[in-house]
Ligand SMILES: [Zn+2]
């Protein structure tokens, strides 16, 4: 029997993260889930810095933008 050399790092971590919905990032670095469609539908307050996060009318508030799981893992 040979031991598996499969990396410990879960190969599907990206897909797991992305099943949560599209993610976006506050200017302070706080990451939040936008929702299935990836477009913001309400403005909320960042739990970390208190800034407005999300957006309305499919537009993010200034300073916020979507971020991919790959980008998060590369930080
Ligand atoms: Zn924030």
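Check whether at least one residue in the stretch 5-26 is within 13 Å of the ligand (Cβ to nearest atom), loosely packed, with under 12 Cβ neighbours inside 10 Å, at pLDDT 75 or above and not in a strand (DSSP E or B), and report yes or no. Checking the stretch 5-26: not a single residue is within 13 Å of the ligand (Cβ to nearest atom), loosely packed, with under 12 Cβ neighbours inside 10 Å, at pLDDT 75 or above and not in a strand (DSSP E or B).
With a requirement of 2 or more residues that are within 25 Å of residue 15 (Cα to Cα), the strands (runs of 3 or more DSSP E) lying completely within the stretch 32-75 that satisfy it span 52-56, 65-67.
Within the stretch 27-41, the set of residues being in contact with a helix residue (DSSP H, G or I) (Cβ under 8 Å, 6 or more places away or on another chain) and either away from the ligand (no atom under 16 Å from the Cβ) or modelled with pLDDT under 85 (or both) is empty.
The values are calculated or read from the model by the stated rules, or taken from the named source; none is laboratory data. No experiment lies behind these values; they were computed from the predicted model shown. All Cβ positions, glycine included, derive from the backbone under ideal geometry; neighbour counts span all protein chains shown.
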